[in-house]
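A short worksheet on the structure shown next.
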């Protein structure tokens, strides 16, 4: 670690060797000024990229420096990249297309524009980025480029000279609008086929206006690669006959990391014209055409490509099968309309109220693009005569049945939004409880929805809103608030002379507590198992500092003449420590269970507080259980995220003997409560009250 002696005290604890550029300078200048000898060579690994695996275990492709460098040297005559080119890093660095983007710019001394995620998912913003940065080399999956075609309204301002496709099959017919505006000379469009195991690209196919038909041509092999199209016996097939593509050449990866059996299965050695050669079995169907080009026909197995991502359906099935309620799972790729999507069929080991809940469970374990849009529960999966799952006779996907909860639109905003969703998703949306992603939506369709909303409502909805508020009713409420413009005043801090008031939510919880008496109904308990070294002094100090920082943690709610008020208690220590290290394993487990139950169910006294409790159970030198409990009147799910963030910084700071780095709080919850009371008064309160009185009129 390079540093200066004056900074040593502020560094975190570490086993790294520390070199001070000031105090160690005399020793440093004594070393040689020559560049160190290079220890790596062309045969050494450049990177490992993981791709989807059929058993649920992703496989890491071992790619060498030589693999990458020759990719550019062998294609240099076609592309003529140089230091004047401007590239975009559009794709995730976990997707091998990024290898081409990153190293292409670096190798030729060009400029690389790192595209922010939401810009990459917003065609209008990305189009403007291409213009503003004078991008010359653009690499795209066909799905992403189709979105760009739809917003291509300033073609004369683009500086593109090359658009290179990869990642999924290209439908040439979709390029016709582009060729109408730009022609086919500049920028030059090129379709390239490739996979991670063959170092990004294998074939090269310049695209012209005359070629814009439906077939997915991938062209011819690049100079140092070879392609064979073979039958099940690995014999070459005649021109025009489909077969599996086998690939050989300088781009072949070394194999899979720590997967020798899989490497031997996929990277096979065969004798070609009397010479041993290593070939990679792609699993892709293709055929040779009479003119020497290759036409891509799709996958041979259940591996698919969806919006540029290569997905093993078996990986999703294996993950889904780990859910305790799932006995069997099958995932299929549905392509019955213009919105390809994944659908899952499951049989259950135990009853479930709503199978769509599996979607949220999967989202914590798989990327968004691998989560099925639809889940269907079957009594049993259909089988072929030899006992294998018969995917061909699975029930037809019910596109309209993605949600069981139905609630009709209540106003014009919700009705119009349902219509826009229907247009984008290609199915009828009639419920305001519909979830955009459960209905088959994804990031590319989300950009289309934002565009339709802009046209229909005249409001610019950020893409983040679609992801964060995916229900029709949530988006409708957001639109209504946006259309009201600046009706909401800013929240300002309370003056010292102003009294603190309860928010409406706090008043409701206080009222319920008076009706129910002391209970654990609105407790927010949690139990965390801690392993490793714990600085108990830093823990206690961090908790006390957290309480001092956030007024809400020091609130209690005594009543005066039947009305609740807020009183802030002095700082307190909510942490107690219980030592269970003297108990046996079984005794410990019983005691921990008892402590968790008792801690969670113990009621709080709202009138006196405190309303936060912590207990640390010591199991041994490396294992502890931390019990947390807080009353809902001083916190909720959102505020828990804030508390965890601040506590983490406080604990780390005190454990490292440094000052915490936390910004000043611009407003407090009491500021929000006062703002809420002030805003919801007068005409606004009267309007809200009148609305609900009318709606509830006549109800006994």
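The values are calculated or read from the model by the stated rules, or taken from the named source; none is laboratory data. Just so you know, these numbers come straight off a predicted model, no measurement behind them. When we count neighbours, we look across all protein chains shown, and the Cβ atoms used for this are built from the backbone with ideal geometry, even at glycine.
Listing for the model above:
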quantity: Those residues of region 504-520 which are closer than 18 Å to residue 612 by Cβ and either in contact with a strand residue (DSSP E or B) (Cβ under 9 Å, 6 or more places away or on another chain) or surrounded by 13 or more Cβ atoms within 10 Å (Cβ to Cβ) (or both), in sequence order; calculated: 505, 506, 509, 510, 513, 520
quantity: Some residue of region 456-465 being touching a strand residue (DSSP E or B) at 6+ places or on another chain (Cβ under 6 Å), buried (at least 17 other Cβ atoms within 10 Å of the Cβ), within 30 Å of residue 144 (Cα to Cα) and modelled with pLDDT of 85 or more; calculated: no
quantity: Unique residue being surrounded by fewer than 12 Cβ atoms within 10 Å (Cβ to Cβ), closer than 30 Å to residue 673 by Cβ and out of contact with any strand residue (DSSP E or B) (no Cβ under 9 Å at 6 or more places or on another chain) when the list is 562, 585; calculated: 562
quantity: Region 613-635: number of residues that are within 20 Å of residue 568 (Cα to Cα) and touching a residue at least 60 places away in the same chain (Cβ under 8 Å); calculated: 8
quantity: Unmet criterion (only one of (1) surrounded by fewer than 22 Cβ atoms within 10 Å (Cβ to Cβ); (2) in contact (Cβ under 8 Å) with a residue 24 or more places away in the chain; (3) over 21 Å from residue 99 (Cα atoms)) for residue 254; calculated: (3)
quantity: Matching residues, region 604-623, being surrounded by fewer than 18 Cβ atoms within 10 Å (Cβ to Cβ) and over 38 Å from the mean Cα position of the chain (by Cα); calculated: 605, 607, 608
quantity: Residue that is farthest from residue 95 (Cα to Cα) [pool: residues in region 17-43 that are in contact with a strand residue (DSSP E or B) (Cβ under 7 Å, 6 or more places away or on another chain) and exposed (fewer than 12 other Cβ atoms within 10 Å of the Cβ)]; calculated: 21
quantity: Test: residue in region 690-697 that is surrounded by fewer than 15 Cβ atoms within 10 Å (Cβ to Cβ), modelled with pLDDT of 90 or more and at negative phi; calculated: no
quantity: Number of the condition not met by residue 318 [criteria: (1) more than 18 Å from residue 195 (Cβ to Cβ); (2) modelled with pLDDT under 85; (3) assigned to a strand (DSSP E or B)]; calculated: (3)
quantity: Index of the failed condition, residue 109 passing every other in (1) modelled with pLDDT under 95; (2) on the phi > 0 side of the Ramachandran plot; calculated: (1)
quantity: Identity of the residue in region 120-142, in contact with a helix residue (DSSP H, G or I) (Cβ under 8 Å, 6 or more places away or on another chain) and not in a helix (DSSP H, G or I), that ends up farthest from residue 65 (Cα to Cα); calculated: 122
quantity: Helices (runs of 4 or more DSSP H) lying entirely in region 1-119 (those with 2 or more residues that are touching a helix residue (DSSP H, G or I) at 6+ places or on another chain (Cβ under 7 Å)); calculated: 65-79, 97-108
quantity: Test: residue in region 6-28 that is within 30 Å of residue 167 (Cβ to Cβ) and in contact (Cβ under 8 Å) with a residue 12 or more places away in the chain; calculated: no
quantity: Count of region 169-192 residues which are within 18 Å of residue 447 (Cβ to Cβ) and surrounded by 20 or more Cβ atoms within 10 Å (Cβ to Cβ); calculated: 1
quantity: Strands (runs of 3 or more DSSP E) enclosed by region 145-263 - at least 2 residues per element that are at pLDDT 95 or above and under 30 Å from residue 276 (Cα atoms); calculated: 203-207, 217-221, 225-230, 243-249
quantity: Conditions (1) within 35 Å of the chain's Cα centre (by Cα); (2) surrounded by 15 or more Cβ atoms within 10 Å (Cβ to Cβ); (3) closer than 30 Å to residue 659 by Cβ: number failed by residue 14; calculated: (2)
quantity: Per-region count, region 549-576, residues farther than 23 Å from residue 538 by Cα and part of a loop (DSSP other than H, G, I, E, B); calculated: 6
quantity: Residue in region 295-306 that is touching a helix residue (DSSP H, G or I) at 6+ places or on another chain (Cβ under 6 Å), within 25 Å of residue 443 (Cβ to Cβ), assigned to a helix (DSSP H, G or I) and in contact (Cβ under 8 Å) with a residue 12 or more places away in the chain present; calculated: no
